[in-house]
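The values are calculated or read from the model by the stated rules, or taken from the named source; none is laboratory data. As the structure is a prediction and not an experimental result, all values here were calculated from the model. FYI the Cβ positions are ideal-geometry reconstructions off the backbone, even for glycines, and counts take in every protein chain you see. Calculation scope for accessible area: heavy atoms of the full protein, side chains included, ligands and nucleic acids excluded. Shrake-Rupley method; radii C 1.70, N 1.55, O 1.52, S 1.80 Å.
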Amino acid sequence: MELKWLEDFICLANIGSFSQAAENRNVTQSAFSRRIMALEKWLGTTLIDRTSHPIRLTEDGTRFVETAKQSVHLFHKVRNDFNSEDSSKRRSLTIGIADHLAIHFFPSWLRQIEGSSPEYYFALLSSIKSGVSFFESLRSQEYDFLICYRGAINVSLLDPKNFASLTLGQESLIPVCKSSLLESMRYFLPGTPDKPLPYISYKPYSLLAKEVIQLTTLSSVAPIYLETVMETSSAQSIKSLVMQGYGVAWLPESAVEKEIQSGELKVIGNEKYYIPLVIEIHRHMLNTKAEIMGFWQKLVNNYMDT
């Protein structure tokens, strides 16, 4: 039995979809399915009712999911305990963070917190995982902290008895387009039914996709006419596609600030098309290593003073 089988099963139980769970675990769906079947074979029972959509856990699966969570938690806790005994690792902190936040937010934010001589060594685990998968890694203590946008994790999962959170800052998703494309095609928001804007979209399950969908379909803003031409999970990938002139997209302002200043990209529309985002940091209350508690107290003191 492999630890990743348990982590796969926990992810699948939370999401209810083989395809989305496989993408969150960064493996092909066929490989993911084989790992779930390998776990079932090892246990000698069926964990998943594959006839339902979305999939459901069998009775044995429902009984086993809590055991799986406790086992994963225990394995990571033992690892962390061994690491904490090594004085060379005592000030090492692991942070799960979305790729664009790791690139465009984290460096300047850390400089504000730590100054020019960082007291801690940080291991940033940045990927295209969804909030659910990031949360599972935080709960299993694979990560010491998680930095993400508010809403990336279901509020019901963040039980204040088990998790502590702080607000670090805020920014907006803004609609942008390559300047030359904007000038040649004369794109404007909200577009028209006859001339919808070519739109580069986030994967449907991501927070940023949901925020854009809410703006374009459910808000008080006039109807926005978009035609999806490409779809990907990563804000960095979307930025690259926008820079190549494939269409328009909503991107975090921190990710496109330099390109807007240089004139390579332009903002389409006014502020009513902006989507506000709040950046938060989370930690598991049971993860009480000295370096974690020390850094958390530093954050609390910093944000209480501001």
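Yes or no: region 289-298 includes at least one residue that is surrounded by fewer than 19 Cβ atoms within 10 Å (Cβ to Cβ), within 21 Å of the chain's Cα centre (by Cα) and within 18 Å of residue 95 (Cβ to Cβ).
no
Working only within region 226-245, note down all residues that are open to solvent by 60 Å² or more (accessible area, probe 1.4 Å) and either part of a strand (DSSP E or B) or in contact with a Pro (Cβ under 6 Å, 6 or more places away or on another chain) (or both).
Selection gives 227, 228, 229, 230, 231.
In this structure, does residue 153 turn out to be modelled with pLDDT of 80 or more and either surrounded by 21 or more Cβ atoms within 10 Å (Cβ to Cβ) or not in a strand (DSSP E or B) (or both)? Please lay out each step first, then the result.
Values: modelled with pLDDT of 80 or more: no; either surrounded by 21 or more Cβ atoms within 10 Å (Cβ to Cβ) or not in a strand (DSSP E or B) (or both): yes.
Criteria not met by residue 153.
Residue 222 - would you say it is modelled with pLDDT under 90 and surrounded by 22 or more Cβ atoms within 10 Å (Cβ to Cβ)?
Judged against the criteria, residue 222 is not a match.
Just the residues that are loosely packed, with under 14 Cβ neighbours inside 10 Å and touching a residue at least 60 places away in the same chain (Cβ under 8 Å), please, taken from region 254-271. Even if it seems obvious, please write down each step before you answer.
So the first thing to find is which residues in region 254-271 are loosely packed, with under 14 Cβ neighbours inside 10 Å, and the list is 258, 261-263, 270-271.
Selection gives 263 alone.
Among (1) under 19 Å from residue 180 (Cα atoms); (2) surrounded by 16 or more Cβ atoms within 10 Å (Cβ to Cβ); (3) more than 16 Å from the chain's Cα centre (by Cα), which single condition is residue 251 missing?
So residue 251 meets the others, but not (3).
Residue check: is residue 200 part of a strand (DSSP E or B) and either β-branched (Val, Ile, Thr) or in contact with a Ser or Thr (Cβ under 7 Å, 6 or more places away or on another chain) (or both)? Spell out the reasoning first.
On the way: part of a strand (DSSP E or B): yes; either β-branched (Val, Ile, Thr) or in contact with a Ser or Thr (Cβ under 7 Å, 6 or more places away or on another chain) (or both): yes.
Judged against the criteria, residue 200 is a match.
Are there any pairs, at least 6 apart or on different chains, whose C-beta atoms fall under 8 Å, with the first in region 179-195 and surrounded by 13 or more Cβ atoms within 10 Å (Cβ to Cβ) and the second of a type in the set (A, V, I, L, M) and not in a loop (DSSP other than H, G, I, E, B), and if so, which?
Partner pairs satisfying both residue conditions: 179/265; 187/181; 187/197; 187/248; 189/197; 191/197; 191/226.
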